[in-house]
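Comments concern the structure below.
No lab work stands behind these numbers, since they all come straight from the coordinates. Please read all numbers here as calculations on a predicted model, not as lab measurements. So basically every Cβ, Gly included, is an ideal-geometry build from the backbone, and we count neighbours across all protein chains shown.
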Amino acid sequence: MTEPQEGAAAAARDPAEEVTEEYDGPARLVVDDREIAVHARLSGHFEPIAGRYQWAGRLRAGDDTRAALQPNLDVRLYTEDGYAADATLREEDPWGGFRITGSGRPPFAVPTEIA
C-alpha cells in the first residue's frame with residue numbers, strides 16, 4: 001500500500017480542478033434561421049493553457065432533419081435549461097450523429113464561483 005503524497009504532487013492533482021460539467025437532454029440547433037430538434041450530450045472544462053472554457057459533445061437529430069447538417073457548419077445551440085452558445089459541428093459518426101465543439105460560455109450551467 002502506498003502512502004498519500006503531500007506537498008506539490010498532491011496539489012497538482014487537486015480534485016476541484018478536475019470537475020467536469022455536463023448536459024444530457026433535449027436541445028434546439030439553429031442553422032440558417034432553421035430550428036432543428038436534437039438530443040445533446042455535452043461536457044466541458046476550463047482549459048488553463050488556452051485560458052478559456054472548452055466544451056464538446058455529440059448531437060443526435062431525427063432522420064428527417066439530418067440532411068440539413070454537415071461537418072464544419074457554424075450553429076447556435078439552445079438547451080432546455082435556457083442557455084445558448086455558438087458552436088461548430090464536426091464529423092458525423094457512424095450512427096448519424098454529429099460531434100459539436102465550442103469555447104467560452106457553454107449552453108449549460110457551470111459553476112461561477114471558485115471553491
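Shape class for the range 23-115: prolate, because the ratio a/c of the largest to smallest gyration tensor axis (alpha-carbon atoms, square roots of eigenvalues) is 1.5 or more and a/b beats b/c. Between ARG60 and ALA84, the modelled label-to-label distance comes to 2.6 nm, taking each label 7 Å out from Cα in the direction of the beta carbon.
When the chymotrypsin sites (Phe, Trp or Tyr not before Pro) in the range 32-95 are filtered for DSSP coil states and for at most 16 other beta-carbon atoms within 10 Å of their beta-carbon, the remaining sites are TYR83, TRP95.
Phi angles of the range 90-107 translate, via the Karplus equation with coefficients 6.51, -1.76, 1.60 and θ = phi - 60°, into HN-Hα couplings of 10, 5, 7, 8, x, 9, x, x, 10, 7, 10, 9, x, 9, x, 4, x, x Hz per residue; Gly and Pro are given as x. With the highest mean first, a sort of the peptides 64-71, 24-31 on other beta-carbon atoms found within 10 angstrom per residue produces 24-31, 64-71.
Stretched out straight at 0.36 nm per residue, the stretch from GLU35 to ILE49 would grow longer than its current Cα-Cα span by 1.6 nm.
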